[in-house]
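The values are calculated or read from the model by the stated rules, or taken from the named source; none is laboratory data. None of the values given here were measured: they were computed from a predicted structure. All Cβ positions, even for glycine, are placed from backbone atoms using ideal geometry, and neighbour counts span all protein chains on display.
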């Protein structure tokens, strides 16, 4: 009898140990096995033969112990299940999530992100991200789960930003970044309506905390801004006389917060389509398996990298403020374009963001301006010079890189004619203080490089010049990665119709419902529009008109 009881007690201890390990590992299969095993205990106690064997007091104690272990295992399991993530805008449970494995492009490992609407938030392996003290962001459920698995020191966030009037552009942007395997992916919601829409669709999105005035960057009761409250009369902000600038101020607030958290951020506009992966070869050393191209070795250490509206590949080739042998280049011959911008989490980037933000604050009462105009003017005011122009410039940049653990001394000895240049801001540029105005700090210098036009194309270079088909387009340095729907028309205050139509015609629009292609009247063309001889003539004429 005693031996039987000892075996039962030993069996009970093993059940408890197995249940504990199964709860700890959160393994569904193991939990089901343990539950089935433990659930046999009540049935066993109701069998007459078993009750006869458990007639003694020690046996009853063993039975009580086993029942207690059963209830304890259930409590441990229930406490191990993480709570459902909360919708940052309404506080309601957001359960429309599905887990997806993404390749972390900055660190080389895989990480779990959340999107879609098919699984419970409990699928996340970690507790949801909570904004640290001093952070002015709110995250919906998918974003909280994503950031919980995205360490800042090894993560580059793929970010976009917009308002509810551009929701289908969010869908299109989101489709292509997912298709290219980019991640982790976040959307910055300009107003509460956009944050709610993203939350309802399981899109990871961030919002600005309630009560924060993005102009003063202070909290106050009854704070009201046109963009944050969604009070503009223009659904498409680009045509708004003053709200378009405020939209840029909100965007700068997002970038400031993410950089302050320690993230590198690759932001692309909603009207940008990612055609291919491979951005690392122009921007970062974080991926040993995807090192920068030889011509990008210098700019892959710069604080900020930005696309341009340059149309001439020869002028673009050196990516410098002064391009040998042609003279003046970006920022003067052509404009910078904020459609694609990479912000490295450095003191220089913080200085750049605050200089940009302060410059926008100074234009608050100026009509028909926007954040990109101010961006370009601020860069001019910073009196950028090539880092290679003076020894003092190189010394200043080396010190900044070393402070952030980014210095690669061998890169400086390998600079050649094909190296894309990097420029540095003048010393003591008062706008470039890497802190909020009320905190007070000394100005900091920042570095800036430009992204190549063949890789990061605009509306003219992609649709008109078709640089994606230029000679050598199969080479890694000439691969087209993005197209930005610039130089487009037929937009209205309600919607960017021209951008959408251009995307549709190029097969780069995936946000239409099925009925768009199945309902209504259509015209069908039968046969080729032009003869072979006409097509040759058109090709020759177009290349005569377009500079190569």
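Numerical summary
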read-out: Top-ranked residue of the stretch 417-441 - restricted to ones that are touching a helix residue (DSSP H, G or I) at 6+ places or on another chain (Cβ under 8 Å) and farther than 30 Å from residue 218 by Cα, ranked as modelled with the highest pLDDT; value: 424
read-out: Cross-chain or 6+ apart pairs with Cβ under 7 Å, the stretch 461-476 first and farther than 16 Å from residue 539 by Cβ, then surrounded by 14 or more Cβ atoms within 10 Å (Cβ to Cβ) and at pLDDT 95 or above; value: 462/483; 476/281; 476/293
read-out: Output for the stretch 211-220, where each listed residue is in a loop (DSSP other than H, G, I, E, B) and more than 22 Å from the chain's Cα centre (by Cα); value: 211, 215, 216, 217, 220
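Okay, residues lined up against (1) under 22 Å from residue 342 (Cβ atoms); (2) under 25 Å from the mean Cα position of the chain (by Cα); (3) at pLDDT below 95:
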position	(1), (2), (3)
357	yes, yes, no
361	no, no, yes
371	yes, yes, yes
378	yes, yes, no
382	yes, no, no
385	yes, no, yes
389	no, no, yes
397	yes, no, no
408	yes, no, no
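Residue-wise test of (1) under 23 Å from residue 162 (Cβ atoms); (2) not assigned by TED's automatic domain parsing to the domain that holds residue 316.
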site	(1), (2)
448	no, no
451	yes, no
457	yes, no
489	yes, yes
493	yes, yes
498	yes, yes
506	yes, yes
512	yes, yes
517	no, yes
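Yes or no, residue by residue, for (1) at pLDDT 95 or above; (2) within 22 Å of the chain's Cα centre (by Cα); (3) closer than 21 Å to residue 334 by Cα:
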| residue | (1), (2), (3) |
| --- | --- |
| 225 | no, no, no |
| 242 | no, no, no |
| 246 | no, yes, no |
| 264 | yes, yes, no |
| 309 | no, no, yes |
| 315 | no, no, yes |
| 318 | no, no, yes |
